[in-house]
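Visitor: Dumping the structure here so I can ask a few things about it.
The values are calculated or read from the model by the stated rules, or taken from the named source; none is laboratory data. Note that the coordinates shown come from a computational prediction; the quantities given were computed from them, not determined experimentally. Cβ coordinates were reconstructed from backbone atoms using ideal geometry, including for glycine residues, and neighbour counts include every protein chain displayed. Surface areas here come from the heavy atoms of the whole protein model, side chains and all, with no ligands, DNA or RNA. Shrake-Rupley method; radii C 1.70, N 1.55, O 1.52, S 1.80 Å.
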Amino acid sequence: MTKMQKRTINGIEIAFIERGSGPVLLLLHGFPLDHSMWDAQIDVFAEQYCVIAVDLRGFGQSQIVTGTTDMELMADDLPALLDSLGINEPIVLAGLSMGGYVAFQFALKYAERLRGLILCDTRAMGDTPEVAAGRRQAAEQVMADGPQSLVEAMMPRLFAAETVEQHPDVVDSLRRVMMATDRQTVAAAARGMARRPDVRAQLGEIECPTLVIVGEHDAISPVDEMQAIAAGIAGSRFVEIAGSGHMSPMEKPDAFNAVVLEFLADMQAMGS
Ligand code: MLT
């Protein structure tokens, strides 16, 4: 298990990895995952940037949480974490799926701390009442029986068929992380996602350079939905990763990394 640093942030012990030096790039994982979903990115990006990969509250090696974890609450942990590390300059924030829901909250609430935004395989709309009810029900089932049923329901929607066939190791590693996540944390985040705000009407408020990335076969945050996010953010860049599903950083790491590094280099070149 990777040894992580820890800081007590807003009363919760938050674990994170910090590697490299230079402009700060903060990575936010999806649900119910941890920082390890960025394993194929951390060292590559750390050659040029200070990479911080966090375990959001409750997940991975962070302290277990109960109740309901709102996306805004997870976003509130980030400036406090940066403060504790003495990082005052604006950062680039990248979030995948649930990490993207958190990144939206950060972008809307802490715009002055943001230099750039990378939205990966995520959604701007909130849950429909039916989906929200399903999530709350899933939360209760996880509390009663553990994450197994939720994991089995999610697995077929996470990866492109090509990944399942050619990289079963990637699929297995993700399953292991999901199964190891504490049930209270899983339930709390599911309840939080069920009541997350719809941010479509606020996309125009995001003014920093933004990159929107989606896997060609993403079944959870489909291409057309992510195109609409890019259309709502002035000047944003939209990239589709061929042959990938929802987990583009894990499924097509080389393509994903190239797109991110090009975006970051262009930002630097433009003095952003
Ligand atoms: C994720 O990958 O973080 C989840 O699929 C997000 C969700 O369930 O909405």
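Visitor: Name the residue farthest towards the positive end of the dipole of the chain from the options Leu96, Ala265, Met250, assuming +1 on Cβ of Lys and Arg, -1 on Cβ of Asp and Glu, about the Cα centre.
Guide: Leu96
Visitor: Still on this model: Which lysines have a Cα less than 27 Å from the Cα of Lys109, not counting those fewer than 8 places away in the same chain?
Guide: Output for Lys109: Lys6.
Visitor: Using θ = phi - 60° and the Karplus relation 6.51 cos²θ - 1.76 cosθ + 1.60, list the HN-Hα couplings for the range 202-210 in order, rounded to whole Hz, with x at every Gly or Pro.
Guide: 9, 4, x, 7, 7, 10, 7, x, 9
Visitor: Continuing with the same structure: If you count the DSSP beta bridges with both ends in the chain, what percent of them are antiparallel, to the nearest 5? Could the numbers behind the result be given before it?
Guide: Values: 10 of 34 bridges.
Around 30 percent of the beta bridges assigned by DSSP in the chain are antiparallel ones.
Visitor: Size of the dipole of the chain about the Cα centre, Lys and Arg at +1 and Asp and Glu at -1 on the beta carbon, nothing else charged, in debye to 20?
Guide: About 660 debye.
Visitor: Would you mind getting the accessible area per residue of the range 100-193, heavy atoms of the protein chains only, 1.4 Å probe, in Å²? All intermediate terms of the calculation are to be shown ahead of the outcome.
Guide: Values: 4110 Å² over 94 residues.
On a per-residue basis, 44 Å².
Visitor: Considering amide H positions built from the backbone, and no H for Pro or chain starts, which residues 5 or more places from Gly245, or on another chain, come under 5 Å of its amide H?
Guide: Under 5 Å from the amide H of Gly245 lie the amide H atoms of Ala160, His217, each far enough along the sequence or on another chain.
Visitor: If the cut-off is a Cα-Cα distance under 16 Å, which aspartates and glutamates reach Lys3, setting aside same-chain residues fewer than 8 apart in sequence?
Guide: The reachable aspartates and glutamates, counting only those whose Cα sits under 16 Å from Lys3, are Glu13, Glu18, Asp34, Asp39, Asp43, Asp55.
Visitor: Could you go through the range 66-73 in sequence order and give the Karplus-derived ³J(HN,Hα) for each residue, using 6.51 cos²θ - 1.76 cosθ + 1.60 with θ = phi - 60°, rounded to whole Hz, and x for Gly and Pro?
Guide: After applying 6.51 cos²θ - 1.76 cosθ + 1.60, I find 10, x, 10, 9, 6, 4, 5, 5 Hz.
Visitor: Could you give the spread of the C-alpha atoms of the chain along their three principal axes, from largest to smallest, in whole angstroms?
Guide: Between the extreme Cα coordinates on each principal axis of the chain lie 52, 40, 38 Å.
Visitor: Okay, moving on. Taking the Cα centre of each part, how many Å lie between the range 137-165 and the range 1-79?
Guide: Comparing the Cα centres of the range 137-165 and the range 1-79, I get a distance of 22 Å.
Visitor: Within the range 5-270, what whole-number % of the accessible surface is contributed by carbon and sulfur, with the 1.4 Å probe and all protein chains included in the calculation?
Guide: The computed percentage sits at 50.
Visitor: Treat the range 129-214 as a sphere of radius equal to its Kirkwood radius over Cα pairs and apply Stokes-Einstein at 10 °C in a medium of 1.306 mPa s; give the translational diffusion coefficient in µm²/s, rounded to a whole number.
Guide: 105
Visitor: Could you tell me the relative contact order of the range 5-270? Use alpha-carbon pairs under 8 Å, at least six residues apart, and round to a whole percent.
Guide: Relative contact order of the range 5-270: 21 percent.
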